[in-house]
1. Can you list residues from other chains, or at least 5 along the same chain, whose modelled amide H is less than 5 Å from the amide H of THR80?
2. What is the Cα convex hull volume of region 128-226 when expressed per residue in Å³?
3. Mind checking the full-extension length gain between GLU72 and ASP3? Use 0.36 nm per residue of separation minus the Cα-Cα distance, one decimal, nm.
4. Got a sec to turn the phi values of region 308-317 into Karplus ³J(HN,Hα) couplings, 6.51 cos²θ - 1.76 cosθ + 1.60 with θ = phi - 60°, whole Hz, x for Gly and Pro?
5. What are the residues whose amide H is under 5 Å from the amide H of HIS175, where those residues sit 5 or more places off or on another chain and H is modelled from the backbone?
6. Once amide H atoms are built 1.01 Å from N in the peptide plane, which residues 5 or more positions from THR197, or in another chain, come under 5 Å H to H?
7. Grab the Cα-Cα distance for LEU183 and GLN167, subtract it from 0.36 nm times how many residues apart they are, and report the gain in nm with one decimal.
8. Each residue of region 110-124 in turn: what ³J(HN,Hα) in whole Hz from Karplus with 6.51, -1.76, 1.60 and θ = phi - 60°, glycine and Pro shown as x?
Amino acid sequence: MMDLKTYGYTEIQEIPDGLLPGRITEVRRERFTVMTECGEVTAVLKGVFYHSAETREDFPCVGDFVLLQYNESGNSLIVTVLPRYSKYSRADDSGHAAGYAKTLLEQVVATNFDYVFILSSLNRDFNVTRIMRYLTQARQSSGQPVIILTKADLVEDYNLPITEVTQSIPEVPVHVISSHTGLGLNELDTYLMPGKTVVFLGMSGVGKSSLLNALMEKDVMKVQAIREVDSRGRHTTTHRQLFMLPSGAMVIDTPGMRELGLFDAEEGIRAGFNDVEELFTHCRFTDCRHQTEPGCAVLTALSDGSLLRERWEHYLAQQHENKYVQGKTGYLTDKRTQNKPIPRSSKKSKKKGGWKN
Ligand code: GDP
Ligand code: ZN
């Protein structure tokens, strides 16, 4: 018999007779995979859940501890969701949820995790402002934040970014890792103790799948080869969403968690690249692509050094990422239409007479 403590369960209340505690490891539509002391079972919700769409946050999700009416020969029934000690949710304002236009429904995407690993890559998307935004989210979730700077193998010197992070965020531990070389992974052992649960937060492409694979010591998650607009499900061979690591710790990786990261990517750009976007207003043409156009303020700033090339490339990479985001969900697209880009029409030459300098 499996001990559910392995999955982080602590008995905080007496279990009524006939009910079996378990932890949800996977959700597919209305079907749940639940780990119990009798092994992994498939479960559905007891009717009462279906009739309370307005309390959608009560809906079970990956990470939840639940009580089941166990059924040996068919689907078990989830009758109770036990109190959550941490959770991530997002406001689902997509409007198509149960037909409530504009009703804000909370959608819980992961629960009962101990640590929130905030991933940020050292090479091109390094941005302390964004890390701080994730930190705010992490604190709201009640998980304990840990900052993980990824892809250390791609940079020569990471002392500067570390200093930047520790100065801005002195009270949160920071670790530098490379999932490719294994550098720094052993530092994470302190968190990855048996029964502990971790979620990853970070933009698409920072290396969440790669870290999960490295910690699992095998490939359970598809790593992005090329960035492109693809279908939203990146879970390939497996639909599992709660992974048991060899160390005995667990990682929750749900599409919902990933969308949280994607959504934030966009906000992160605004917070972090105001100076770059300000330049655009000085380009001669509103549809300037900042490549070869005459009167381009970006090219000017690059050539006189007032805009660093790395920073510009950084910005472009982020934009690229955003295109990927755009195709992802209606939720994100709705949000985006509130901030329409400048229409691509040529304005009358504001500054006559060629180059600014
Ligand atoms: P996710 O979108 O956050 O899950 O990111 P992925 O794990 O899919 O990684 C995105 C890209 O970054 C892939 O091309 C990975 O090979 C690459 N990558 C991830 N971790 C590392 C690392 O430690 N070093 C290097 N050089 N590349 C990495
Ligand atoms: Zn320009």
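Quick note: the coordinates plus some simple rules give every number you see, no bench work behind them. Every value quoted in this text rests on a predicted model; they were computed, and no experiment measured them. Please note: Cβ atoms are built from the backbone with ideal geometry, for glycine as well, and neighbour counts cover all protein chains shown.
1. LEU67
2. So the per-residue Cα hull volume is 116 Å³.
3. 23.0 nm
4. For region 308-317, the Karplus curve yields 6, 4, 4, 5, 5, 5, 3, 4, 4, 4 Hz.
5. The list, which skips near neighbours in sequence, is ILE147, ILE148, LEU149.
6. ASP114, TYR115, MET250
7. Extra length available between LEU183 and GLN167 comes to 3.5 nm.
8. Couplings: 6, 9, 6, 10, 8, 10, 10, 7, 8, 9, 9, 8, 6, 7, 10 Hz.
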